[in-house]
Amino acid sequence: MRGFFLGIVVTILALAVGGYLFVRSGRVSMATTAPPLPMEKTVAEMALHASIGAAANQKDPLPLNEGNLVAGANVYKEHCAVCHGALAQVRTAISKGMFPPPPQLLEKADMMTDDPEGETYWKVTHGIRLTGMPGFQSTLSDTQRWQVTMIVRYADKLPPAAQSVLGH
């Protein structure tokens, strides 16, 4: 029985040392131009959903109106468009060079209009490690973060005044 447990400990140590040496040798490329690692997307999504947790259930406390959408469009244009795009504009060089590529939140294919408001707000507030997505908790007010959340949530239903701010 003692040999069995010793075998388990040795196996775990061998895997840990092997993993360390694999990473240390440079075989895990951190280049944004490298292909994704096996299961990278799956592991990242699991970690992100676990981090967001119950925050996804939060609801936007601001009223859905043109004033908040225009204010959100201004914040989006200033802080988000360089990576996530604007209406009827080509992707920026910054966006093209990022890994993973940031979703173009105002294009039909990448809109996140079905995502829970609390999830989007959490991402805007805290950012997402190793993606280039910064957290705006210390640079945008709570109201501004909810207004940007509103833009993302209603990207397919923006009034003309908000569309005008976003370049359409």
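The values are calculated or read from the model by the stated rules, or taken from the named source; none is laboratory data. Not measured: the values here are computed from a predicted model. Using ideal geometry, Cβ is built from the backbone for each residue, glycine included, and neighbour counts are taken over all protein chains shown.
So which pairs qualify, if the first residue must be in the range 134-145 and outside the structural domain of V124 (by TED's automatic domain parsing), the second must be surrounded by fewer than 18 Cβ atoms within 10 Å (Cβ to Cβ) and assigned to a loop (DSSP other than H, G, I, E, B), the Cβ gap must be under 8 Å, and the two must be at least 6 apart or on different chains?
none
Among the residues of the range 119-132, is there at least one that is in contact with a strand residue (DSSP E or B) (Cβ under 7 Å, 6 or more places away or on another chain), within 21 Å of K157 (Cβ to Cβ) and surrounded by 14 or more Cβ atoms within 10 Å (Cβ to Cβ)?
yes
Filter the range 133-152 down to residues that are over 19 Å from L48 (Cα atoms) and in contact with a Leu (Cβ under 9 Å, 6 or more places away or on another chain) and give me whichever is surrounded by the fewest Cβ atoms within 10 Å (Cβ to Cβ).
T143
Evaluate the range 86-104: report whether one residue or more is at pLDDT 95 or above, surrounded by 21 or more Cβ atoms within 10 Å (Cβ to Cβ), in a helix (DSSP H, G or I) and touching a helix residue (DSSP H, G or I) at 6+ places or on another chain (Cβ under 9 Å).
No, because not a single residue in the range 86-104 is at pLDDT 95 or above, surrounded by 21 or more Cβ atoms within 10 Å (Cβ to Cβ), in a helix (DSSP H, G or I) and touching a helix residue (DSSP H, G or I) at 6+ places or on another chain (Cβ under 9 Å).
So which of L6, L48 ends up being outside the structural domain of V152 (by TED's automatic domain parsing), free of Cβ contacts under 8 Å to residues at least 40 places away in the same chain and surrounded by 10 or more Cβ atoms within 10 Å (Cβ to Cβ)?
So the residue among L6, L48 that is outside the structural domain of V152 (by TED's automatic domain parsing), free of Cβ contacts under 8 Å to residues at least 40 places away in the same chain and surrounded by 10 or more Cβ atoms within 10 Å (Cβ to Cβ) is L6.
Kindly indicate whether E78 is part of a helix (DSSP H, G or I), of a type in the set (D, E, K, R), surrounded by 11 or more Cβ atoms within 10 Å (Cβ to Cβ) and out of contact with any Ser or Thr (no Cβ under 8 Å at 6 or more places or on another chain).
Answer is yes for this residue.
Name the one entry in T33, T42, T11 that is part of a loop (DSSP other than H, G, I, E, B), β-branched (V, I, T) and outside the structural domain of I94 (by TED's automatic domain parsing).
On inspection, the qualifying residue turns out to be T33.
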